[in-house]
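Student: Handing you a structure now.
The values are calculated or read from the model by the stated rules, or taken from the named source; none is laboratory data. Since the model is a prediction, treat every value here as computed from it, not as a measurement. Cβ: placed from backbone, ideal geometry, glycine included. Neighbour counts: every protein chain shown. Accessible surface is based on the protein model in full, side chains and every heavy atom, while ligands, DNA and RNA are left aside. Shrake-Rupley method; radii C 1.70, N 1.55, O 1.52, S 1.80 Å.
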Amino acid sequence: MRRLLLCADDFAFSSEVSAVIAELATQGKLNATSCMAIMPGWAADSALLRDVPAHVEVGIHLVLTGEVPLTDLGDLTENGTLPDIDPLARRAARGDLPLAGIAREITAQFDRFIDALGRPPAFVDGHQHCHALPGVREIVLAETARRAPQAWVRDCVDGVFAMLARPFAGKAIGSAWHSRGLRAVAAAHGLGCNDSFAGHYGFAGDYAAIFPKFLRAPGERHLVMCHPGAGVRAGDGIAAARIVEAAALSALPIMQLAAKHGLAFPV
């Protein structure tokens, strides 16, 4: 049977976000979460994951944008902070990234994840899908194959008709374009990927009404990203949406919605 992977991104973005994600996982409303091991509160927040159900997959959300890196990345940072995704993507397209430094940073983030949980990540992805950028993807896949060979890697590619069947097709197609070819490179490293991908929307509106549309046209391993949370952190442009998502996910009959589309959930 096809499987729904409902993944809450940004665990450890803040303690409030982490607490909400852990609670939703305990309620059976999520079966995956992707963790920002780069964050100062990661080690403390990771303790919340000890009590989530065993079927909840815990992955690493590699960060190369918007935060303070663990290592020295030279001119990639400004005032010690990593760039936004658009300038990072432009540099990647030009072949102008400090790849040796990025490799050290990714290793450091893997180290922090494994040190806190005592195990490798179940899957690997990137904040704002940075893991799929040219040059970066090769580093990420090599590190994953070395450190977490049983892990799968997020692929944002999906069929055109599937993306058109869901909300915000333009955003989905943009993510797919930047991820093109990732699956083949992952396979060359002996790594698998999800089969379809959804969750794009404008971080506004009635999320409870939007969410069921993410389940349309699923693949065998249908990954839906979400961003539930609470609280307000400086610079968080989706703080209000996190609260709305958390309330909707808590209330929605996700197992029944998934079953209508032939998807098994939560396991």
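Student: Which order do the peptides 215-228, 157-170, 79-92 come out in when sorted by mean C-beta neighbours inside 10 angstrom, highest first? Walk me through the numbers on the way to the answer.
Tutor: Details: 215-228: 21.3, 157-170: 16.9, 79-92: 15.3.
The densest-packed peptide leads the list: 215-228, 157-170, 79-92.
Student: Please grab the % of Cα pairs in segment 38-192 that end up more than 24 Å from each other. Write down the numbers at each step before the final one.
Tutor: Numbers: 4297 of 11935 pairs.
When every Cα pair of segment 38-192 is considered, 36 percent fall beyond 24 Å.
Student: Another one. State the percentage of accessible surface on the chain attributable to carbon and sulfur atoms; use a 1.4 Å probe and exclude ligands, DNA and RNA.
Tutor: Details: 6290 of 10890 Å².
Accessible surface attributable to carbon and sulfur in the chain totals 58 percent.
Student: Could you please tell me the mean projected area of the C-alpha convex hull for segment 173-267, averaged over all directions and given in square nanometres to one decimal?
Tutor: 7.7
Student: Same structure, new question: If you roll a 1.4 Å probe over the heavy atoms of the protein chains, what accessible area per residue do you get for segment 98-146, in Å²? List each step's numbers first, then the result.
Tutor: On the way: 1720 Å² over 49 residues.
Heavy-atom SASA per residue in segment 98-146 reads 35 Å².
Student: Provide the three semi-axes, in whole Å and in decreasing order, of the ellipsoid equivalent to segment 100-143 as defined by the square roots of 5 times the Cα gyration tensor eigenvalues.
Tutor: Values: eigenvalues 68, 28, 14 Å².
Calculated on Cα positions only, the semi-axes equal 18, 12, 8 Å.
Student: Counting Lys and Arg as +1 and Asp and Glu as -1, each charge on the Cβ, what is the dipole of segment 206-267 about the Cα centre in debye, to the nearest 20?
Tutor: On the way: 6 positive and 4 negative charges, 22 e Å.
Its charge dipole is roughly 100 debye.
Student: A follow-up question, please. Can you list the residues, at least 5 places off or on another chain, whose amide H is less than 5 Å from the amide H of LEU64, using H built in the peptide plane?
Tutor: Those lying under 5 Å, H to H, from LEU64 are HIS127.
Student: Another question, then. Which ³J(HN,Hα) values, rounded to whole Hz and listed in residue order, are derived for segment 194-206 from phi using the Karplus coefficients 6.51, -1.76 and 1.60 in 6.51 cos²θ - 1.76 cosθ + 1.60 with θ = phi - 60°, glycine and proline given as x?
Tutor: 5, 9, 8, 8, 8, x, 6, 7, x, 6, 7, x, 8
Student: Once you compute Rg and the Kirkwood Rh from C-alpha atoms, what is the Rg to Rh ratio for segment 66-111?
Tutor: Details: Rg = 10.2 Å, Rh = 10.8 Å.
Reported Rg/Rh, Kirkwood definition of Rh: 0.94.
Student: Then there's this: Between PHE197 and residues 5 or more places away or on another chain, which pairs have amide H atoms under 5 Å apart, with H built 1.01 Å from N, and which residues are they?
Tutor: Here the answer is LEU223, since their amide H atoms fall under 5 Å of that of PHE197.
Student: Measuring with a 1.4 Å probe in the full set of protein chains, what accessible area per residue, in whole Å², belongs to segment 2-66? Walk me through the numbers on the way to the answer.
Tutor: On the way: 1880 Å² over 65 residues.
The answer is 29 Å² per residue.
Student: Okay, moving on. Can you give me the angle between helix 136-147 and the longest principal axis of the chain, using Cα atoms only, in degrees from 0 to 90, rounded to the nearest 10?
Tutor: 80
Student: Per q in 0.12, 0.14, 0.18 Å⁻¹, report the Debye log10 I(q)/I(0) for segment 1-82, using one uniform scatterer on each alpha carbon and no solvent.
Tutor: Normalising to I(0) and taking log10 leaves -0.39, -0.50, -0.73.
Student: Per residue, how much accessible area does segment 206-267 show when a 1.4 Å probe rolls over the protein heavy atoms, in square angstrom? If you can, show how the numbers build up before the last one.
Tutor: Details: 2630 Å² over 62 residues.
Each residue of segment 206-267 exposes 42 Å² on average to a 1.4 Å probe.
Student: Follow-up. Rank-order 248-260, 112-124, 26-38 by packing density, defined as the average count of other C-beta atoms within 10 Å over each peptide's residues, highest first. Numbers along the way, then the final one.
Tutor: Numbers: 248-260: 15.5, 112-124: 18.9, 26-38: 22.7.
Ranked by mean Cβ neighbours within 10 Å, highest first: 26-38, 112-124, 248-260.
Student: Sticking with this structure for a sec: Can you check what the Kirkwood hydrodynamic radius comes to for segment 116-233, Cα pairs only, in Å to one decimal?
Tutor: Numbers: mean 1/r = 0.0659 Å⁻¹.
Result for segment 116-233, one decimal place: 15.2 Å.
Student: Calculated from DSSP H runs of 4 or more alone, at -39500 (n - 2.57) each and per residue, what is the 222 nm mean residue ellipticity of the chain, nearest 500? Let's see the in-between values first.
Tutor: Working: 11 runs with 104 residues, N = 267.
Counting only the DSSP helices, I get -11000 deg cm²/dmol.
Student: Same structure, new question: Note the angle between two axes, namely the Cα long axis of helix 85-94 and the longest principal axis of the Cα atoms of the chain, as a number of degrees from 0 to 90, rounded to the nearest 10.
Tutor: Once rounded, one gets 60 degrees.
Student: In whole Å, what three semi-axes, largest first, describe the equivalent ellipsoid of the chain built from its Cα gyration tensor (square root of 5 times each eigenvalue)?
Tutor: On the way: eigenvalues 139, 88, 68 Å².
Largest first, the chain gives 26, 21, 18 Å.
Student: OK, next. Tell me, what is the Rg over Rh of segment 108-172, with Rh the Kirkwood radius over Cα pairs? Numbers along the way, then the final one.
Tutor: Values: Rg = 14.4 Å, Rh = 13.4 Å.
On the Cα set of segment 108-172, Rg over Rh gives 1.07.
Student: Across 10 Å bins from the origin, how do the percents of Cα pairs in segment 131-200 run, short distances first?
Tutor: 22, 48, 25, 5
Student: Enter the angle in degrees (range 0 to 90, nearest 10) between the Cα long axis of helix 99-117 and the first principal axis of the Cα atoms of the chain, meaning the one along which they spread out most.
Tutor: Around 50 degrees separate the two axes.
Student: Among GLY41, LEU6, PRO83, flag the residue with its Cα farthest along the positive direction of the charge dipole of the chain, charges on Cβ as +1 for Lys/Arg and -1 for Asp/Glu.
Tutor: LEU6
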